[in-house]
């Protein structure tokens, strides 16, 4: 079966970003809630779409053209983006 995508057209990156903090439904101590912070997250994948306001990245691609573990991250939430190499561990290229 022929591949329906070409990973070479996408940038492989690691994005360090801050995710919103959500608490469980119910009553919470106000002092504890005032101490809530955003959660630091690291996501790795290929940027499949970029707009003025966000990045959409996906971590998995199948030969049938489907993708999995995709996430859209607002650019305002991003702290650092690191471009990763697409080189295989043994030194050969894919």
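Rounded to a whole number, what is D in µm²/s for segment 11-94 from Stokes-Einstein with the Kirkwood radius over alpha-carbon pairs (4 °C, 1.567 mPa s)?
Working: Rh = 15.2 Å.
It diffuses with D of about 85 µm²/s by this estimate.
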For this session: Could you list 87, 52 in order of exposure, starting from the residue whose Cβ has the fewest other Cβ atoms within 10 Å?
Result: 52, 87
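Pairs of Cα atoms under 8 Å, at least six residues apart: use those to get the relative contact order of the chain, whole percent. Write out the running numbers ahead of the final one.
Details: 145 pairs, mean separation 31.9, N = 94.
Relative contact order comes out at 34 percent.
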Exercise. Which value at 222 nm does the chain reach when only helices count, each DSSP H run of 4 or more adding -39,500 (n - 2.57), with the total divided by all residues and rounded to the nearest 500 deg cm²/dmol?
Worked result: -1000 deg cm²/dmol
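Peptides 8-15, 41-48, 58-65: what's the order by average Cβ count within 10 Å, highest mean first?
Values: 8-15: 14.4, 41-48: 16.8, 58-65: 12.9.
Descending packing order for the listed peptides: 41-48, 8-15, 58-65.
Any read-out appearing in this document is the output of simple, stated calculations on the displayed coordinates, not a laboratory observation. Quick caveat, the model's predicted, so the values are computed rather than measured. Positions of Cβ are generated from backbone atoms using ideal geometry, with glycine treated the same way; all protein chains shown enter the neighbour counts.
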